[in-house]
1. Every residue in the stretch 77-98 that is more than 14 Å from the chain's Cα centre (by Cα), in a helix (DSSP H, G or I), away from ligand 2 (no atom under 13 Å from the Cβ) and buried (at least 18 other Cβ atoms within 10 Å of the Cβ), please.
2. Kindly indicate whether any position in the stretch 9-17 is of a type in the set (Lys, Arg) and surrounded by fewer than 18 Cβ atoms within 10 Å (Cβ to Cβ).
3. Sort out which residues of the stretch 100-141 are in contact (Cβ under 8 Å) with a residue 12 or more places away in the chain, more than 12 Å from ligand 2 (Cβ to nearest atom) and within 18 Å of Leu45 (Cβ to Cβ), and write them in order of number.
4. Which residue pairs have Cβ atoms closer than 6 Å, lie 6 or more positions apart in sequence or on different chains, and pair a first residue in the stretch 31-50 that is farther than 14 Å from Leu109 by Cβ with a second residue that is part of a helix (DSSP H, G or I)?
Amino acid sequence: MKRHAALVPLSRQHHDALALGVFIQRGLRDGAGPRAAERLRRQALDVWNLELSGHFEVEETVLFPAARQAVPEPETVDRLLREHDGIREAFSALEHAGPGKLESSLQVLRERLVDHIRFEERVVFEALQESMAEQALAALGLEIDAALPRLCVRLGSAAAAPRAGS
Ligand SMILES: [Fe+2]
Ligand SMILES: [Fe+2]
């Protein structure tokens with residue numbers, strides 16, 4: 001299903017997180033070596049600090065409360081919250097990983113992040129679009145638009161692109 005305009009800003013940031021996942025996967029597959037692994041660590045922590053930490057906060061304060069009402073199984077939101085905790089832990093572990101743990105920390109982070117975002121896009125966002133009334137979705141979109149720039153330094157690498165569905 002085409003992404004509704006209300007959810008496009010969050011989807012753009014998902015795109016950046018998935019791109020990070022690809023960089024990590026490629027970097028590690030090609031036998032990273034200590035310097036390349038260090039670069040991947042810096043890149044991952046940049047994505048977290050500039051974009052994803054705020055993205056998580058917007059989801060937790062704005063999106064998930066709406067999802068609890070709208071998705072067929074409200075415990076889905078509990079799963080999302082647990083996954084956020086797991087990803088926060090993985091970023092923290094990555095930040096503090098010594099040389100012997102760096103590659104495995106990158107791998108764990110990549111798996112958790114990519115799985116979470118795929119679930120949000122394929123299940124949660126689809127369910128929101130299907131079950132919420134247009135007016136409620138539009139109102140949710142306005143709330144997201146107001147919250148994101150307050151909490152994120154970077155608003156998605158495709159931020160200048162026209163909004164799909166508008
Ligand atoms: Fe999330
Ligand atoms: Fe997300």
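Here, each number is a calculation from the coordinates, and none is a lab measurement. None of these values were measured; they are calculated from a predicted model. All Cβ positions, even for glycine, are placed from backbone atoms using ideal geometry, and neighbour counts span all protein chains on display.
1. Hit for the stretch 77-98 is Leu94, nothing else.
2. Taking the stretch 9-17 and keeping what is of a type in the set (Lys, Arg), we get 12.
Now restrict to residues that are surrounded by fewer than 18 Cβ atoms within 10 Å (Cβ to Cβ): none.
No, the conditions are met nowhere in the stretch 9-17.
3. Passing the criteria: Leu102, Glu103, Ser105, Leu106, Gln107, Val108, Leu109, Arg110, Arg112.
4. Here the result reads Ala36/Gly27, each pair linking the stretch 31-50 to a residue that is part of a helix (DSSP H, G or I).
So that you can scan it fast, the table gives a plain yes or no per residue for (1) part of a helix (DSSP H, G or I); (2) of a type in the set (D, E, K, R); (3) within 16 Å of ligand 2 (Cβ to nearest atom):
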site	(1), (2), (3)
Ala6	yes, no, yes
Pro9	yes, no, yes
His15	yes, no, yes
Ala19	yes, no, yes
Phe23	yes, no, no
Arg26	yes, yes, no
Arg35	yes, yes, no
Arg42	yes, yes, no
